[in-house]
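The values are calculated or read from the model by the stated rules, or taken from the named source; none is laboratory data. Just so you know, these numbers come straight off a predicted model, no measurement behind them. So basically every Cβ, Gly included, is an ideal-geometry build from the backbone, and we count neighbours across all protein chains shown.
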Amino acid sequence: MNIELPSLAEQRRIVFSKNVEKSCEALRKNLEAPLISEPVAVDISAYGDRHLRTEEEGWEAPAPELVYALFEQFKAAFEAYDSDRKLAELLGLQTSGDRRIRTFKNGERQIPYGVWRRFLVLTGRVNQEIIPVMGFFEGP
């Protein structure tokens, strides 16, 4: 008895394809997120849109007042993330996350692009970027 198996490269493509489908489903599920009407403590329009841009489009770090207002709005809307520590964990800040959140909110440090972008995606203010696959390279 002889069982034909796809090559390792083809098996990788099959797994990749299944994961792409899972990712597409997750993106479609994002469309079901609730509309949040929690008030914001600042006039967001006064801050322009440079904080919403990608780095390639000329992103600028948001003003600390804006970071503070949007973080507090989020924490008020979601009880599960009602502290700086919990918000930090959601944003992927592991070490001294609550302290780092406070430094972003008070202007002691600029919020890094990646952390801010993740927050904007989580709050539906921007779309997730889809990074094109340039090729399937062999090996790990």
Condition broken by Ile101, with the remaining ones in (1) over 30 Å from Arg12 (Cα atoms); (2) in a loop (DSSP other than H, G, I, E, B); (3) of a type in the set (Val, Ile, Thr) satisfied
(2)
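Each row is one residue, and each column tells you yes or no for (1) more than 17 Å from Val42 (Cα to Cα); (2) touching a helix residue (DSSP H, G or I) at 6+ places or on another chain (Cβ under 7 Å); (3) at pLDDT below 95; (4) not hydroxyl-bearing (Ser, Thr, Tyr).
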site	(1), (2), (3), (4)
Ala63	no, yes, no, yes
Phe78	yes, no, no, yes
Asp84	yes, yes, no, yes
Phe104	no, yes, no, yes
Gly124	yes, no, no, yes
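Tell me which residues, restricted to the range 104-118, are assigned to a helix (DSSP H, G or I), within 12 Å of Ala61 (Cβ to Cβ) and within 16 Å of the chain's Cα centre (by Cα). Step through it out loud before you land on a result.
Filtering the range 104-118 for residues assigned to a helix (DSSP H, G or I) gives 104-106, 113-118.
Filter once more, so that each one left must be within 12 Å of Ala61 (Cβ to Cβ): 104, 113-117.
Within the range 104-118, Tyr113, Gly114, Val115, Trp116, Arg117 qualify.
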How about the range 31-69: which of its residues are among the aliphatic types (A, V, I, L, M) and either on the phi > 0 side of the Ramachandran plot or assigned to a loop (DSSP other than H, G, I, E, B) (or both)?
Leu31, Ala33, Leu35, Ile36, Val40, Ala41, Val42, Ala61, Ala63
Please specify each residue of the range 1-30 satisfying the condition of being among the polar types (S, T, N, Q) and in a loop (DSSP other than H, G, I, E, B).
Asn2, Ser7
The condition from (1) more than 19 Å from Gly124 (Cβ to Cβ); (2) surrounded by 10 or more Cβ atoms within 10 Å (Cβ to Cβ) that Thr95 misses is numbered (2)
Taking the residues in the range 35-87 that are over 17 Å from the mean Cα position of the chain (by Cα), surrounded by 14 or more Cβ atoms within 10 Å (Cβ to Cβ) and hydroxyl-bearing (Ser, Thr, Tyr) as candidates, determine which candidate is nearest to Gly97 (Cα to Cα).
Tyr68
